[in-house]
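The values are calculated or read from the model by the stated rules, or taken from the named source; none is laboratory data. Not measured: the values here are computed from a predicted model. All Cβ positions, glycine included, derive from the backbone under ideal geometry; neighbour counts span all protein chains shown. To get the accessible areas, we keep the full protein, side chains included, count just its heavy atoms, and leave off ligands, DNA and RNA. Shrake-Rupley method; radii C 1.70, N 1.55, O 1.52, S 1.80 Å.
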Amino acid sequence: MRPLHLPGLATGRCLVMGVVNVTPDSFSDGGQWLSPDRAIAHGLDMIAQGASIVDVGGESTRPGAARIDRDEELRRVIPVVEGLAAAGALVSVDTMWAETARAALGAGAAIINDVSGGRADPHMLPLAGEAGKPFVIMHWRAHSATMQNHTDYTDVVADVVAELEQQIAQALAAGVAEHQIIVDPGLGFSKTGEQNWELLAALPRFEDLGFPLLVAASRKAFLGALLADGETPRPPELRDAATAAISVLAADRGAWCVRVHDVASTADALAVSRRFHQVQPSEQEPS
Ligand code: PMM
């Protein structure tokens, strides 16, 4: 894996990115962090719980969501990025708009997390190249309003890998450096639940692309469906134990970082996994 140019991050273990959605309507935590002070406090709490990065977003990308305008996104995101960065947090900005990314970098953000991987705004890739900051390239086919109409694949793993390779090539051609790139299979974005499970099983194929791998399964609908009570999906806020389990499995399959809403449960699960893997089976006493 090519090392990222991002001093201060731990190596040799899977990192945790905590999510702060400054939105009224995210499926997972919408409406909870709309006040900048509460959002900043929540981000700092997540760092205390073990997050290395705080991801701040102002636009919901839940399936079917309508887009918001740039000014509204800026108004939501910039004070939170500024407050967290001033407090010493490593901040990523979750945006598809180059203008928001530029303003967030000016306010102290260290990473651009563009779920469209540069496809939504033609100015994003040149900005990422010019800024020289780590840039998340997520597999993406269409905006949230219609993305679930675009779940046809011949072979989901091979197709998502190939489409990510195209996105990476476009980024490199636009001036993004190899050492800036983070890749993400984009669970839930133009994917059915079944396809998400197939992608998770194939994470080593994504690691083989040679870039740090970000995995964001947290509270997503496929977990709600797995844990449904009859026809009723498990509500998002009750999907954190399942998320922590996925975090461990993803770390074991090469994830560089997992993006989660509840940092404490994932950080604990990853600590157990690290300790567990320290002991070789041959060293264990028969019980
Ligand atoms: N998913 C969401 C938002 N941002 N960023 C990346 N890199 N990968 C994702 O899968 C991703 C993301 C949607 O989830 P949320 O609304 O709970 O934040």
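Which residues, counting only those in the range 86-109, are of a type in the set (Gly, Ala, Ser) and under 18 Å from ALA128 (Cβ atoms)? Don't jump to the end; show me each part of the working.
Start the filter on the range 86-109 by keeping residues that are of a type in the set (Gly, Ala, Ser), which leaves 86-89, 92, 98, 101, 103-104, 106-109.
Matches in the range 86-109: SER92, ALA98, ALA101, ALA103, ALA104, GLY106, ALA107, GLY108, ALA109.
Each row is one residue, and each column tells you yes or no for (1) closer than 19 Å to VAL93 by Cα; (2) in contact with a Pro (Cβ under 9 Å, 6 or more places away or on another chain); (3) open to solvent by less than 60 Å² (accessible area, probe 1.4 Å).
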residue	(1), (2), (3)
ALA120	yes, no, yes
ALA131	yes, no, yes
MET138	yes, yes, yes
ARG141	no, no, no
TYR153	no, no, yes
ALA158	no, no, yes
VAL161	no, yes, yes
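Any residue at all in the range 76-89 that's within 19 Å of VAL215 (Cα to Cα) and out of contact with any Ser or Thr (no Cβ under 8 Å at 6 or more places or on another chain)? I'd like the intermediate steps shown before the answer.
Here is the first cut: in the range 76-89, the residues within 19 Å of VAL215 (Cα to Cα) are none.
Within the range 76-89, not a single residue is within 19 Å of VAL215 (Cα to Cα) and out of contact with any Ser or Thr (no Cβ under 8 Å at 6 or more places or on another chain).
For the range 90-111, state whether one or more residues are among the hydroxyl-bearing types (Ser, Thr, Tyr), crowded, with 16+ Cβ neighbours inside 10 Å and under 17 Å from the mean Cα position of the chain (by Cα).
If we filter the range 90-111 for residues that are among the hydroxyl-bearing types (Ser, Thr, Tyr), which is where we start, we get 92, 95, 100.
Add one more test, that the residue is crowded, with 16+ Cβ neighbours inside 10 Å, and what stays is 92, 95, 100.
In the following step, the residues that additionally are under 17 Å from the mean Cα position of the chain (by Cα) were identified as 92, 95.
Among the residues of the range 90-111, at least one is among the hydroxyl-bearing types (Ser, Thr, Tyr), crowded, with 16+ Cβ neighbours inside 10 Å and under 17 Å from the mean Cα position of the chain (by Cα), which makes the answer yes.
For the range 44-73, which residues satisfy the criterion of being at pLDDT below 95 and open to solvent by 30 Å² or more (accessible area, probe 1.4 Å)?
THR61, ARG62, PRO63, GLY64, ALA66, ARG67, ILE68, ASP69, ARG70, ASP71, GLU72
What residue, among those in the range 141-165 that are in a helix (DSSP H, G or I) and polar (S, T, N, Q), is farthest from ALA216 (Cα to Cα)? Working first, answer last.
Let us first name the residues in the range 141-165 that are in a helix (DSSP H, G or I), namely 147-149, 156-165.
Next cut, polar (S, T, N, Q) only: 148-149.
Working: GLN148: 17, ASN149: 21 Å.
Checking each candidate, the answer is ASN149.
I'm trying to understand the selection: among the residues of the range 53-71, which are closer than 15 Å to TRP33 by Cβ and without any contact (Cβ under 8 Å) to a residue 60 or more places away in the chain?
If we filter the range 53-71 for residues that are closer than 15 Å to TRP33 by Cβ, which is where we start, we get 54-60.
Answer for the range 53-71, where residues must be closer than 15 Å to TRP33 by Cβ and without any contact (Cβ under 8 Å) to a residue 60 or more places away in the chain: VAL54, VAL56, GLY57, GLY58, GLU59.
Kindly indicate the residue of the range 166-187 that is assigned to a loop (DSSP other than H, G, I, E, B) and open to solvent by less than 20 Å² (accessible area, probe 1.4 Å) and also farthest from ALA110 (Cα to Cα) among those meeting that condition.
The initial filter retains those residues of the range 166-187 that are assigned to a loop (DSSP other than H, G, I, E, B), namely 174-177, 185-187.
Pick out the ones that are also open to solvent by less than 20 Å² (accessible area, probe 1.4 Å) and you get 176, 185-187.
Values: VAL176: 15, PRO185: 21, GLY186: 21, LEU187: 23 Å.
Going through the qualifying residues, I end up with LEU187.
Can you tell me how many residues in the range 25-40 are away from the ligand (no atom under 12 Å from the Cβ) and touching a Gly at 6+ places or on another chain (Cβ under 9 Å)?
4
May I ask you to list pairs of residues, at least six apart or on different chains, whose Cβ atoms are under 6 Å apart, with the first in the range 154-178 being farther than 12 Å from GLN195 by Cβ and the second being open to solvent by 40 Å² or more (accessible area, probe 1.4 Å) and part of a helix (DSSP H, G or I)?
VAL161/ARG205; ALA174/PRO126
Considering only residues of the range 4-24 that are β-branched (Val, Ile, Thr) and more than 13 Å from the ligand (Cβ to nearest atom), which is modelled with the lowest pLDDT?
Start the filter on the range 4-24 by keeping residues that are β-branched (Val, Ile, Thr), which leaves 11, 16, 19-20, 22-23.
Subset that is more than 13 Å from the ligand (Cβ to nearest atom): 11, 16.
Numbers: THR11: 88, VAL16: 98.
Selected residue: THR11.
In the range 251-276, how many are over 21 Å from VAL20 (Cα atoms) and either crowded, with 22+ Cβ neighbours inside 10 Å or touching a strand residue (DSSP E or B) at 6+ places or on another chain (Cβ under 9 Å) (or both)?
Residues that pass the stated criteria total 3.
Would you please name the residue that is nearest to the ligand (Cβ to nearest atom), looking only at residues in the range 202-236 that are touching a residue at least 40 places away in the same chain (Cβ under 8 Å) and open to solvent by 50 Å² or more (accessible area, probe 1.4 Å)?
ALA221
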